[in-house]
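Asker: My questions all concern the structure below.
Every read-out reported here was derived from the displayed coordinates using simple, explicitly stated rules and does not represent laboratory data. Keep in mind the model is a prediction, meaning the values are calculated, not measured. Cβ coordinates were reconstructed from backbone atoms using ideal geometry, including for glycine residues, and neighbour counts include every protein chain displayed.
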Amino acid sequence: MGLISKLIGIALAAVGFVLLFFGMNDTSTMSYVYSFLGLLVMAIGFALLTAGKPKEEKLPPPTITEIRCNNCDFKEIRDFKKGDYILKTVEEACPKCQTGMTIEGVYMIREEPKKKYNV
């Protein structure tokens, strides 16, 4: 939705306002029709004005995997890979003792909200 739809939205909102104004000032039975049409046209105009705004795409927070050796105290932290889950045996051997390793945890790194200081 570009500039043309915004201009059409402004025009429809203005026409709807005029119809609503005439519907409220008239005392005949057509005043209800004018009021309803005015509200309807204004709603369509405002819908065109607000349509098409881009939504912010939030990337998922970074996720890490903690891998520990089954025998010694070696611990490795790496980026999360699809299929990682807790207590999964990892194919790589421990670099220290060459035994098997297991995933001990999968964590999302959360960013702390920035604090505003009033001075």
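Asker: For segment 63-108, what relative contact order do you get, as a whole percent, if you take Cα pairs closer than 8 Å and at least 6 residues apart?
Answerer: 48 percent
Asker: Any chance you could run the full-extension gain for ALA14 through LYS115? It's 0.36 nm times the residue separation minus the Cα-Cα distance, nm to one decimal.
Answerer: 32.0 nm
Asker: Cα axis of helix 30-50 to longest principal axis of the chain: angle in degrees, 0 to 90, nearest 10?
Answerer: 30 degrees
Asker: Also: Using helices alone, I'd like the mean residue ellipticity at 222 nm for the chain: each DSSP H run of four-plus residues gives -39500 (n - 2.57), total over residue count, nearest 500.
Answerer: Result for the chain: -13000 deg cm²/dmol, rounded to the nearest 500.
Asker: Oh, and also: Which of TYR107, TYR34, TYR85 has the fewest other C-beta atoms within 10 Å, and how do the rest follow up to the most?
Answerer: Fewest-to-most Cβ neighbours within 10 Å comes out as TYR85, TYR107, TYR34.
Asker: Here's another thing I want to ask about it. Between the helical axis of 3-25 and the dominant principal axis of the chain, each derived from Cα atoms, what acute angle in degrees is found, rounded to the nearest 10?
Answerer: 50 degrees
Asker: For a 27 Å ceiling on Cα separation, which of these pairs sit above it: LYS75/LYS114; LYS88/LYS114; LYS55/LYS115; LYS55/LYS88; LYS58/LYS115?
Answerer: Where the Cα-Cα span goes over 27 Å, the pairs concerned are LYS75/LYS114; LYS88/LYS114; LYS55/LYS88.
Asker: When the chain is fully extended, how far beyond the present Cα-Cα distance does ASP79 get from LEU3, taking 0.36 nm per residue of separation?
Answerer: My answer for the length gained is 23.0 nm.
Asker: Would you kindly work out the equivalent ellipsoid of segment 3-50 from its C-alpha gyration tensor and give its semi-axes, the square roots of five times the eigenvalues, largest first in whole Å?
Answerer: Those come to 23, 8, 5 Å.
Asker: Further question: Taking the mean number of other Cβ atoms within 10 Å as a proxy for protection, how do you rank 92-104, 56-68 from highest to lowest?
Answerer: So the order, starting with the most tightly packed, is 92-104, 56-68.
Asker: Using the beta-carbon distance between ILE86 and LYS58 and R0 = 25 Å, what value does 1/(1 + (r/R0)^6) give for FRET efficiency, to the nearest 0.05?
Answerer: Once rounded, the FRET efficiency stands at 0.45.
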